[in-house]
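One structure below.
What follows is calculated from the coordinates using simple rules that are stated; it is not laboratory data. Everything quoted here is computed from the prediction, not taken from an experiment. Cβ: placed from backbone, ideal geometry, glycine included. Neighbour counts: every protein chain shown.
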Amino acid sequence: MFNPAARITRLAIPGLDDCVYVVDELLAEPQRWVELAAQHLDGFALTGHNAYPGPELRMPDGIAEALDGWLRAQLREAFGVRRTLRVYARLAMVTLPPEQLAPRQWICHRDRMGMAPDERALASVLYLFADEHLGGTSFYRPLKPMEQIEALIEDSARLSATEFAARHDWTPGYPGASNASFERVLTVPPRYNRAIFYDGSLFHCSDIPEPARLSVDPQRGRLTLNGFWVCRRAAR
């Protein structure tokens, strides 16, 4: 599954005491995953349990465990974790046009996994598309006190689009450049067979600069393999 010659690069996130690990040429045969997605297109679904703006396909546990094995072998010490408590993986495609997005999809987000203080959430995105205009992943720094950020997030989940836009003076659409609430501090550009690994508690989102290029066809669209972990922190 994995390429032993994969290249790992550490990217510091400006303004945050954290980093992103960029892994180029992660998979030995990435095109097989694109073909797999095309074969199982009927299994993709808009789940509704998160803010992801497109259909997803949950991967078998064996795939998640293989991804976990690679992370433990290559990045466990870098992230300061010692044991995986939960892990899952999914294929996903960003497909929604901007006018169909809900308010919670207008803002960046964190991956919240119901963690204890001695646990850490990690996440990964593997880009399985060649068209780099489909966009990578952006990271953000909050510019307001966290109680105001939490109120913004809560409103994005409960208010209508009209109410949210009016209350927070927010422009509908995919998150992009900095605004009054968040500063975009890093955008990792996509590359075919490139993966990024990062702390899921960081504010982040898919970077979608040209929504008109999005497609429901895995052979042409913004197909990714996403991983999510809850790990026990290593003793200090």
Relative contact order for region 1-127, counting Cα pairs under 8 Å that sit 6 or more residues apart, in percent: 19 percent
Whole-angstrom Cα spans of region 189-236 along principal axes, big to small: 47, 20, 17
Region 118-187: radius of gyration and largest Cα-Cα distance (Dmax), Å: 14.9, 40
Dipole magnitude (debye, nearest 20) for region 1-137, charges at Cβ of Lys, Arg, Asp, Glu: 460 debye
Taking the C-alpha atoms of region 49-123, convex hull volume expressed per residue in Å³: 120 Å³
Bins of 10 Å, starting at 0 and running to the largest distance - Cα pair percent for region 149-236: 11, 35, 35, 17, 2
Those residues of region 178-217 whose amide nitrogen sits under 18 Å from the label point placed on Arg167, 7 Å along Cα→Cβ: 180-182
Normalised per residue, the volume of the convex hull around the Cα set of the chain (Å³): 124 Å³
Kyte-Doolittle mean at least -0.5, axial Cα span of 15 Å or more - DSSP H helices of the chain: 61-74, 146-158
Modelled label reach - Gln74, point 7 Å along Cα→Cβ, region 16-56 residues with backbone N closer than 20 Å: 19-35
Mean separation of Cα contacts under 8 Å (6+ apart) over length of the chain, as relative contact order %: 33 percent
Percent of alpha-carbon pairs separated by more than 26 Å within region 1-140: 30 percent
Counting all C-alpha pairs of region 97-140, share separated by more than 17 Å (%): 58 percent
Gain upon complete extension [Arg32, Ala102; 0.36 nm per residue less C-alpha separation]: 21.9 nm
